[in-house]
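Colleague: Here you go, one structure.
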Amino acid sequence: MESSGESVGAGVIFISMNLPDIPASILVPDIRRNSPEMICVILSPQDRLDDAFALIGKGAYSVLRTPARNDELLAVTRQAFDALSLRAGKEAAEDSLEAMSREFEAADARLRLLVDSAREANERYRAQKRQEEAARRRLESQLLQSQKLESIGRLAGGIAHDFNNLLSAILGYCEIALIRLPENHPIADNLRMVRQAGDRAASLTRQLLAFSRKQVMEMKVVNPNVVVDNMGKMLGRLIGEDIELVLKTDTPVRNIFADPAQIEQVLMNLAVNARDAMPGGGSLTIETSDVSSSECVSDAEDGFATNPYVRISISDTGEGMTPEVRESIFEPFFTTKDVGKGTGLGLAMVYGIVKQHNGCITVDSEPGMGATFDIYLPVASVGPEEVVDSELESIRRGTETIMVVDDEPSIRELFLDALAPLGYRVITAGSGSEAIEKLKTTAGVDLLITDIVMPGMSGGELGEMLGKLYPLTSVVYMTGYIESAMPVGNHLGAAAVLLHKPLTFSAIASVLSRVLDRRKAWREDDE
């Protein structure tokens, strides 16, 4: 038998140890090399069994002694084919295991990718939850702060309302007494001191009302650069010579709709705070600029953040503030000053004024790095108003019938004592219902002066009812609340005006002259 050198597949081959041309020791390795799946069975005589068994180590499957019986040949053949089947199954199993292993590796790789993706998604989710939780805590803090400020604001507004009534009597009677006394009378100086104290008390009341956002504002179109420049000299004297005042108002800015006096008050309060933060001197910078939108994130839900704004920045080089102080800086009665050196109302009033102007305020400060307050005020759509100087009108005398309605007795007495000596017939009432009862027995009323906020019937309701009974009657409303002033327009005719508390005799006389003279002119035109 010769080796062809080519593979012949799987099968069983019987090789004799007595081959004449190729020894079995060469043939067996050659067959195994060319046909690994072929099973070799060695046929060996008795005398060559040792050489035959040595071939098993070279790839032979088994040895059969010759001469062999048929059953022995059949048995060996069966065993050989069984070995072929077993080998084929093993190889198939190994191939299957290898394929499964590759699939498992691929699945493991996909699983690792999924795990990594899930881990990243989980980290993003946790980060988002942390951000949402931080945002929720900020919103809760802002809500609590807003509720606290609102509650204190209501209290401050109520106190200021009652205090305004007391101040009306004090200031009104002081002016009446000063008018009736000779200028050089020794008591006149004392009364002037009382009036000055009353004016300072009225300023404190305005602070409380500004904080509670209930102050009646004298709004007009103004330019922030003009307001800041006008305050320059006063602020320079206020902060002292050891602090440099820098005004950056060279760049034109748009106009705002504001109460100039209140904006000046804001600048003064912030300048005083800056001065106190720089005991060793420093610099205070006030700069104006136009901005496309507000940076007050907490006010975005109020609808202000998308409007054009003018920004007024007040920066100092002082001691700065800790985060704890920054969080409480606008709270009423919060102060870092020593007892007796600060009321804690200054920045609270600033906050109230800015909010009342539909604006917002932010503070940026670090310990030792100074502080910057940014005030954002909405831009006005029209140009600035011209300033017209007006002199106090002379005291008007007359014989008209005037009804004064207020639940505060001192207010009623003030009008009675102020107007009766001027020739007017004055009727007073403590409530709307009492005023209606007195109107039933009165021939007519030329002018109604009524407080807006009263128990039972409000001043607005009384004015509306009076307008139906006496259409030609003029109406003047007294108020210290901006909320009270707003709905009044639903009940007023063209002749009605507002009289702001605290009252003074000069204010009463001015309004009286304007309203009654206008009413007289109307009646003459009708005739």
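The values are calculated or read from the model by the stated rules, or taken from the named source; none is laboratory data. Here the structure is a predicted model, which is why all the values come from computation and not from measurement. In this analysis, Cβ positions are derived from the backbone assuming ideal geometry, glycine residues included, and neighbour counts consider all displayed protein chains.
Colleague: List the number of the failed condition for I395; all other conditions in (1) outside the structural domain of L498 (by TED's automatic domain parsing); (2) of a type outside the set (D, E); (3) touching an Asp or Glu at 6+ places or on another chain (Cβ under 9 Å) hold.
Modeller: It is condition (3) that I395 fails.
Colleague: Out of curiosity, is A494 modelled with pLDDT under 80 and closer than 20 Å to A507 by Cα?
Modeller: Here the answer is yes, as A494 does meet what is asked.
Colleague: Looking only at region 237-256, count how many residues are closer than 15 Å to D290 by Cβ and either touching a strand residue (DSSP E or B) at 6+ places or on another chain (Cβ under 7 Å) or among the charged types (D, E, K, R) (or both).
Modeller: Here the count works out to 8.
Colleague: Would it be correct to say that S458 is surrounded by fewer than 19 Cβ atoms within 10 Å (Cβ to Cβ) and of a type outside the set (D, E, K, R)?
Modeller: No.
Colleague: A further question on this structure: Any residue at all in region 36-51 that is in contact (Cβ under 8 Å) with a residue 60 or more places away in the chain and either out of contact with any helix residue (DSSP H, G or I) (no Cβ under 7 Å at 6 or more places or on another chain) or among the hydroxyl-bearing types (S, T, Y) (or both)?
Modeller: No; the residues of region 36-51 include none that is in contact (Cβ under 8 Å) with a residue 60 or more places away in the chain and either out of contact with any helix residue (DSSP H, G or I) (no Cβ under 7 Å at 6 or more places or on another chain) or among the hydroxyl-bearing types (S, T, Y) (or both).
Colleague: Mind checking which residues of region 441-464 are touching a residue at least 60 places away in the same chain (Cβ under 8 Å) and either assigned to a strand (DSSP E or B) or not acidic (D, E) (or both)?
Modeller: L447, V453
Colleague: So K468 clears everything in (1) modelled with pLDDT under 85; (2) part of a loop (DSSP other than H, G, I, E, B) except one condition, right? Which one?
Modeller: Result: K468 fails condition (2) only.
Colleague: Only residues that are under 20 Å from G352 (Cβ atoms) and modelled with pLDDT under 90: list them for region 237-265, please.
Modeller: Scanning region 237-265 gives F257, A258, D259, P260, A261, Q262, I263, E264, Q265.
Colleague: Condition first: free of Cβ contacts under 8 Å to residues at least 24 places away in the same chain and either polar (S, T, N, Q) or closer than 19 Å to M454 by Cβ (or both). Now tell me which residues in region 393-424 satisfy that.
Modeller: P409, R412, L416
Colleague: Then there is this: If I ask for residues that are of a type in the set (F, W, Y) and either in contact with a Ser or Thr (Cβ under 7 Å, 6 or more places away or on another chain) or modelled with pLDDT under 50 (or both), which ones from region 473-491 would you list?
Modeller: Of everything in region 473-491, just one residue is of a type in the set (F, W, Y) and either in contact with a Ser or Thr (Cβ under 7 Å, 6 or more places away or on another chain) or modelled with pLDDT under 50 (or both), namely Y477.
Colleague: While we're on this one: Only residues that are outside any helix (DSSP H, G or I) and of a type outside the set (A, V, I, L, M): list them for region 396-419, please.
Modeller: Answer for region 396-419, where residues must be outside any helix (DSSP H, G or I) and of a type outside the set (A, V, I, L, M): R396, R397, G398, T399, E400, T401, D406, D407, E408.
Colleague: Also, quick follow-up: Quick check on region 128-187: of everything there that is modelled with pLDDT of 80 or more and among the β-branched types (V, I, T), which residue is nearest to R412 (Cα to Cα)?
Modeller: In this case the residue turns out to be I170.
Colleague: On the given criteria, is R206 modelled with pLDDT under 85, outside the structural domain of T504 (by TED's automatic domain parsing) and surrounded by fewer than 16 Cβ atoms within 10 Å (Cβ to Cβ)?
Modeller: Here the answer is no, as R206 does not meet what is asked.
Colleague: Out of all the residues in region 425-440, is one or more in contact (Cβ under 8 Å) with a residue 40 or more places away in the chain and not aliphatic (A, V, I, L, M)?
Modeller: no
Colleague: Then there's this: Among the listed residues D30, D51, which satisfies the condition of being over 16 Å from I13 (Cβ atoms) and not in a strand (DSSP E or B)?
Modeller: Among D30, D51, only D51 is over 16 Å from I13 (Cβ atoms) and not in a strand (DSSP E or B).
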